[in-house]
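The values are calculated or read from the model by the stated rules, or taken from the named source; none is laboratory data. This structure is a prediction, so every number in the text was calculated from the model and none was measured. Glycine also receives a Cβ, built like all others from the backbone with ideal geometry; neighbour counts cover every protein chain displayed. For accessibility, only protein heavy atoms count, side chains too; no ligands or nucleic acids. Shrake-Rupley method; radii C 1.70, N 1.55, O 1.52, S 1.80 Å.
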Amino acid sequence: MLAVSWDTIRLFLHVLAATVWVGGQLTLAVLVPALRRLGAEIPRAAARRFNQVAWPAFAVLILTGVWNVIAVRSQITGSYETTLVVKLAVVAVSGVTAALHARARSAAGLAVFGALTGLSALAALFLGVLLAG
Ligand code: HEM
């Protein structure tokens, strides 16, 4: 068996939180039409329940993200640094649009902010793999 290191724990927690934040949003988006057929309030109830695990996951992404930056600080130059800065901007968009989506009361607000938080979450995932690659 390979030895488990702090790097293993760090990346495991970061990727686990990413699976909840990104995978959870995508799964909920796919379930919404079926939930809506069960009742107008069901999608919002499911979203509220998802938020109870999504926001702690986002917090873990930020905390393990800072740990990542400390762990790889010697690499943060040139194109790696640019990629990290772009990723942080995308992560900020993902968090802000998720909060705006949760507060949206119009169908247009729900749709626009929902799409933006999903797309930016996917972009953060891609940029994360790019950084680690
Ligand atoms: C929506 C939020 C985020 C997602 C979905 C995400 C996703 C990922 C993924 C999938 C990896 C690759 C892990 C691997 O292949 O081992 C990664 C790596 C990384 N992430 Fe994130 N991340 C997020 C937020 C952050 C934040 C906020 C920071 C910094 C404060 C950050 C800094 C990093 C760094 C530096 C790496 C490279 C780690 C290494 O090579 O050891 N991430 N991220």
- Task: Just the number, please: carbon plus sulfur as a percent of the accessible area of segment 6-132, 1.4 Å probe, no ligands or DNA/RNA counted.
- Result: 75
- Query: Given a 1.4 Å probe and the protein chains all in place, what does the accessible area of Phe113 round to, in Å² to the nearest 10?
  - Reply: 60
- C-alpha center-to-center spacing [segment 1-40, segment 116-132] in angstrom: 13
- Which of the peptides 61-69, 81-89 is most tightly packed, and how do the rest follow, going by the mean number of other Cβ atoms within 10 Å of each residue? 61-69, 81-89
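Using only Cα atoms, what Kirkwood radius does the chain have, in angstroms?
Details: mean 1/r = 0.0629 Å⁻¹.
Radius from the Kirkwood sum: 15.9 Å.
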- Task: Could you work out the relative contact order of segment 6-132, using alpha carbon pairs under 8 angstrom and six or more residues apart, expressed as a whole percent?
- Result: 29
